[in-house]
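All of the numbers you see were taken from the coordinates with simple rules; none came from a lab. None of the values given here were measured: they were computed from a predicted structure. Methodologically, a virtual Cβ is constructed for each residue, glycine included, from the backbone with ideal geometry; neighbour enumeration extends over all protein chains shown.
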Amino acid sequence: MRSFYFAILSAVAFSQEPPTATFGTTVASSSGFRGDIFVIEPHTEELPSFRRMRAVGAIYTTALHVPERSFLSGFPGITDRFEWFAIDYRGRFWVETPGQYRFRLLSDDGSKLYVNDKLVVDNDGLHAPLAVEGSGYLTRGVHTMRVSYYQGPGVTVALILSVKPPAAAEWEIFDTNTFKPPPDPAEWTPGRIRDIKRGTGWRP
């Protein structure tokens with residue numbers, strides 16, 4: 001199992017070209033996302049329930065930005081451990097300006113986005129790179145975020161989470177460094193989400 005764990009870590013960090021970001025690092029961070037890694041059964045067609053599963057490791061990142069890349073060449077030193085794994089990311093972020101926030105989650109294969117334990121984007125299932133949007137009105141305060149993702153069969157992988165804050169003209173990669181809470185925890189107030197709208201997907 002230990003060798004399989006390192007194989008999975010190599011798999012999620014690998015790219016054929018210099019990446020703009022990776023799935024994460026094994027160095028623990030007090031901010032950003034913690035992603036628990038799971039082995040899933042072959043032929044899985046949707047995200048599993050992680051509650052009864054045991055993670056084989058964890059990785060950390062402040063942004064989920066893995067553009068589509070090919071697995072056709074395999075991974076260095078790995079011949080059969082590049083598919084059938086899942087990562088359950090959890091983190092928190094601060095909203096200073098309340099309003100309607102739009103989120104876009106692109107993945108290959110399935111993924112889901114939760115804010116404050118409420119489903120905002122459902123992009124589950126076996127599919128080629130697919131983008132799905134969702135939105136919700138966020139109040140000022142600290143919010144929790146969860147992005148669940150799984151990779152089924154090869155030959156490509158992708159995972160990008162973008163956000164469009166209120167009054168913003170352009171989409172941007174969601175990065176927890178952009179949504180840091182105030183330095184004094186005494187100022188942290190719990191945020192809420194309402195008016196959730198979930199959209200359908202399209203091929204990028």
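Odds and ends about this structure:
- Each of D109, D117, D88 has some number of other Cβ atoms within 10 Å of its Cβ, and from fewest to most they run D117, D88, D109.
- Between R69 and W171, residue separation times 0.36 nm minus the direct Cα-Cα distance comes to 34.6 nm.
- The ranking of L119, L106 from fewest to most other beta carbons within 10 Å of each one's beta carbon is L119, L106.
- With 0.36 nm allotted per residue and the present C-alpha distance subtracted, the I196-D117 stretch has 27.2 nm of extension available.
- Ranking of Y89, Y114 by count of other Cβ atoms within 10 Å, fewest first: Y114, Y89
- The H on the amide N of L47, modeled in the peptide plane, is under 5 Å from the matching H of G125, each at least 5 residues off or on a different chain.
- Evaluating 6.51 cos²θ - 1.76 cosθ + 1.60 at θ = phi - 60° for every residue in the stretch 127-139, the Karplus couplings come out as 6, 5, x, 9, 10, 9, 10, x, 8, x, 7, 9, 7 Hz, glycine and proline recorded as x.
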